[in-house]
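Everything on this sheet refers to the single structure shown next.
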Amino acid sequence: MEEVDEFDRRILALMKVDSRRTGDQLSGDVGLSPAACLRRVQRLRRIGAIEREVAIVSPKLEDRPLVIVVLLSIDGHNPKTMDEFCRDLRKSPTVNRMLWVTGDDDIVLILHCSSMTEFDEFVTAYLNDSPVSGYKTLVSMRDYNVWDKR
């Protein structure tokens, strides 16, 4: 990947919060002309520094207001088994985010569920009869949306 400079890093930090910012908006925060900011954004897309731009949809609008964090421990750590298991997990509409982590647990899942019944169905479909040796769940009481700095 091509090098990025401090201006690029500032643009990327702003784009992580709101990827729809205009050249004029970026210009005021970055200290470059609007045209220069837009050229940099186009270059950052072209070189893969910006992989894609997505809409963060409220789980409430998707009828999945329940956010559950699941910490998984995996038996054996066989890379092939882990890859297959993770591919299966990605098929679930409740899986919003999946991280392979270090520490006591192996995988962290962020689930958006419509109810505890849907979570129970997820456990039955994906965690029972799987390489999971144990799991812990954390049910979110409030989401502070740290990416939303507005």
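Laboratory data are not the source of any read-out in this text; all were calculated from the coordinates shown. This is a predicted model, so every value here is computed, not measured. We place every Cβ from the backbone using ideal geometry, glycine too, and count neighbours over all the protein chains shown.
Derived scalar couplings between HN and Hα for segment 85-102 equal 4, 5, 4, 5, 4, 5, 6, 6, x, 7, 7, 9, 8, 9, 10, 8, 10, 9 Hz in order, rounded to whole Hz, by the Karplus curve 6.51 cos²θ - 1.76 cosθ + 1.60 (θ = phi - 60°), x for Gly and Pro. The simple Förster model, with R0 at 30 Å and r as the Cβ-Cβ distance, assigns MET98 and GLN42 a FRET efficiency of 0.50.
Count Lys and Arg as plus one, Asp and Glu as minus one, and take only other residues whose Cβ is under 10 Å from that of ASP8; the net charge is then 0.
Classify segment 3-75 as rounded, prolate or oblate, taking a ≥ b ≥ c as the square roots of the eigenvalues of its Cα gyration tensor: rounded when a/c is under 1.5, otherwise prolate if a/b is larger than b/c and oblate if not. In terms of gyration-tensor shape, prolate.
Close amide H contacts of VAL4 (hydrogens built in the peptide plane, cut-off under 5 Å, sequence separation of 5 or more or a different chain): none are found. For ILE50, the residues whose modelled amide H falls within less than 5 Å of its own, excluding neighbours fewer than 5 places apart on the same chain, are ARG45. Test of the criteria: in segment 76-136, which trypsin sites (Lys or Arg not before Pro) are in a DSSP loop and have at most 10 other Cβ atoms within 10 angstrom of their Cβ? Qualifying residues, ordered by number: LYS91. For the chain, the relative contact order comes to 26 percent (Cα pairs under 8 Å, sequence separation of at least 6).
Charge tally around LEU66: other residues with Cβ under 13 Å, Lys/Arg +1 each, Asp/Glu -1 each, net -3.
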